[in-house]
Structure formats: C-alpha cells, structure tokens
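Read-outs throughout are calculated quantities, based only on the coordinates presented, and are distinct from any laboratory measurement. Quantities reported herein were computed from a predicted structural model and do not represent experimental measurements. With ideal geometry, Cβ positions are generated from the backbone for all residues, glycine too; neighbour counts draw on all protein chains shown.
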Amino acid sequence: MGYITDRKRAAGLGSAKAGTEHHWAMTVTSVALAVLTPLFLLSFGSILGASYEAVQTHYAHPYHALVAALFLGVGCIHFKNGVRVLIEDYVHGLAREAAIIAMTCVSYALFAVALFALARLAL
Amino acid sequence: MADVNRGNRPLSPHLTIYRPQWTSVTSILTRITGNAILVSGILIVWWLLSAATSEAAFNRANWVLTSWLGDLVMLLSVWGLWYHFLAGLRHLYWDTGRGLDLPTAEKLAYGCVGGSVVLTLLTIVIV
C-alpha cells in the first residue's frame with residue numbers, strides 16, 4: 001500500500017530522490033575543516049592584536065595566507081550548506097526560497113572578499 | 001482517496017513538550033554554534049580586508065576586534081568553533097553507524113561540552 005497522496009503521485013513527488021550529494025558535501029568539508037580549524041586558530045590567534053606592519057608580514061607568508069584562505073573558503077561552503085538545512089527546517093513558503101538564495105549569496109560574497117583580501121595581503 | 005483525512009492526521013509532539021536532555025541540547029547547540037559563527041566570520045574577513053586596504057582602515061577594524069566587546073565575541077567564537085568541531089567529529093563517528101546507543105551518545109555529549117571548554121582554555125593559554 002502506498003501512502004503517497006494522489007497529487008504527489010501525479011507530480012512525481014514523494015521521497016526526496018536527492019540530498020545524498022548535500023550530505024556528502026557536508027561530510028567532505030567537515031573532514032577538511034577538522035584539520036584546518038586548529039591550524040587557523042593557531043595562525044590567526046598568533047597575529048590578532050599585532051601591529052599593521054606585523055599583520056602585513058604575517059600574511060605575506062604563504063603558509064598563513066593559504067591556511068586562512070582554505071579555512072575561510074571551505075568554511076563558507078560548509079556554512080552555505082549548513083544554513084540551508086536550518087532555513088529548510090524553520091522557514092516555509094516563498095520566504096524559504098528567498099532566505100536560501102540570500103544566504104547562499106552571503107556565503108559566496110564572504111568567500112570572495114576573504115580571498116581578495118588575502119590575495120592583496122599575500123602578493 | 002488518499003486525501004480524505006487531510007488536516008486531521010495525528011501529529012507527533014514538537015520540541016517544547018520534551019524534557020531537555022544532554023543528547024537533545026548538544027544537538028541544538030551544534031546548530032546554534034554553526035550558524036552563529038557567521039558573525040565571527042564576517043568580523044574576521046572585515047579585519048583581513050581592512051588590513052589589505054590601508055593602515056587607517058586596519059586600525060579601525062583592529063580596534064573593534066580587540067575592544068572588550070570584540071574580545072568577548074572572539075572568546076565566544078573560539079568556544080563555539082571548538083564545540084562545533086567536536087560535535088562535527090561526533091557526527092562523523094555516528095555516520096559510520098557507531099556510538100548510537102544511549103549510554104554512548106550521552107558520553108559523547110559530555111565529551112562535546114567538556115572538551116570544548118578544555119580546548120577553549122588551551123587556546124587562550126597558547127594564543
């Protein structure tokens with residue numbers, strides 16, 4: 001016996017059919033971030049509060065620039081996927097789509113600004 | 001006629017009816033810390049952008065991040081990040097099908113809360 005409603009059967013709805021990719025993306029980025037988080041905390045923690053010149057020298061070093069770029073970049077993608085689940089759970093109707101689009105744009109914007117700033121500091 | 005009972009189906013009780021437990025509270029905290037970290041993310045990227053712009057811009061952002069309010073936000077962020085880090089590792093462990101029984105799940109919950117406090121204190125000592 002099928003529990004699906006007539007309308008859903010006609011529209012081909014029912015089980016999600018997709019979502020494995022989303023879960024897998026979260027898994028991959030979380031493993032990457034498990035490595036990057038301690039590295040970034042050590043790198044950023046050691047320079048926050050230092051002078052302007054010291055910050056320039058710090059991020060001119062490839063290691064610190066790359067750790068920050070990877071952590072903030074992968075972090076933004078992980079955030080984009082994570083906040084989507086939050087929105088899907090609590091926001092309904094058109095506002096849901098609007099919120100997902102808005103937060104996706106915020107995530108990519110933050111990603112781009114972070115890479116731009118680090119590129120200017122490093123090069 | 002699958003739609004006969006529409007609107008009158010039994011519903012499972014929602015969050016507010018349950019007694020808070022270690023497992024449920026630590027699950028909700030994972031979501032709160034993960035999403036709240038956006039605030040610190042924006043602050044840090046602003047700080048980096050200002051460092052790449054000019055000394056005056058840097059001094060402004062640096063003043064905000066190292067003020068008492070900035071220190072408080074950064075301290076909470078470090079705890080939130082470590083908490084989300086441990087809760088994420090817990091998820092990866094659960095994803096392998098292990099540790100899903102209640103005694104283990106509760107131990108993992110204690111570990112996430114206790115471990116995040118320990119790691120936060122360690123971070124303060126080291127950096």
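A few points about this structure:
- Shape of the protein assembly as shown, Cα gyration tensor, a/c cut at 1.5: prolate
- For chain A, the 222 nm mean residue ellipticity estimated from helices alone, with every DSSP H stretch of n ≥ 4 adding -39500 (n - 2.57) and the total spread over all residues, rounds to -27500 deg cm²/dmol.
- For B:117-126, mean number of other protein chain Cβ atoms within 10 Å: 1
- FRET E, pair A:Lys8, B:Arg98, Förster distance 51 Å, beta-carbon r, rounded to 0.05: 0.90
- Using only side-chain charges placed at the Cβ, +1 for Lys and Arg and -1 for Asp and Glu, the dipole size of chain A relative to its Cα centre rounds to 360 debye.
- Longest stretch of chain B clear of exposed loop sites (trypsin sites (Lys or Arg not before Pro), DSSP loop, at most 10 other Cβ atoms within 10 Å, sites excluded): B:7-97.
- Here is how the number arises for chain B: DSSP H runs of 4 or more residues each give -39500 (n - 2.57), the sum is divided by the residue count, and the result at 222 nm is -26500 deg cm²/dmol.
- Selected from B:Tyr18, B:Ile28, A:Gly49, residue furthest toward positive end of dipole (the protein assembly as shown; charges at beta carbon): B:Tyr18
- Within segment A:1-95, chymotrypsin sites (Phe, Trp or Tyr not before Pro) in DSSP loop having at most 12 other beta-carbon neighbours inside 10 Å: A:Tyr3
- Of all the options A:Ala112, A:Ala18, A:Ala65, the one that moves most in a Gaussian network model of chain A with Cα springs shorter than 10 angstrom is A:Ala18.
- Projected label distance in nm at A:Ala112 and B:Arg31, using a 7 Å step from Cα toward the beta-carbon: 3.1 nm
- Across segment B:37-51, rounded Karplus estimates of 3J(HN,Hα) from the backbone phi angles (6.51 cos²θ - 1.76 cosθ + 1.60, θ = phi - 60°) give 4, 4, 4, 5, x, 5, 4, 5, 5, 4, 4, 5, 5, 5, 5 Hz, Gly and Pro being marked x.
- Fluctuation leader among A:Ser46, A:Ser30, A:Ser107 - chain A, Gaussian network, Cα springs under 10 angstrom: A:Ser46
- Membrane-span-like helices in chain A, defined here as complete DSSP H runs extending at least 27 Å along the helix axis by their C-alpha atoms with mean Kyte-Doolittle hydropathy no lower than -1.0, are A:20-45, A:62-90, A:94-122; this is a sequence and geometry rule, not a statement about a membrane.
- For chain A, averaging the sequence separation of C-alpha pairs within contact (under 8 Å, six or more residues apart) and dividing by the residue count gives a relative contact order of 30 percent.
- With both labels modelled 7 Å from their Cα along Cα-to-Cβ, the B:Val117 to A:Ala54 distance reads 3.1 nm.
- Least to most buried among B:Thr16, B:Thr33, A:Thr104, A:Thr20 (fewest other Cβ within 10 Å first): B:Thr16, A:Thr20, A:Thr104, B:Thr33
- Spatial separation of Cα centroids for segment A:56-82 and segment B:50-116, in angstrom: 16 Å
- The HN-Hα couplings worked out from phi for segment B:95-100 by the Karplus form 6.51 cos²θ - 1.76 cosθ + 1.60 (θ = phi - 60°) are 4, 7, x, 9, x, 8 Hz, whole numbers, x standing for Gly and Pro.
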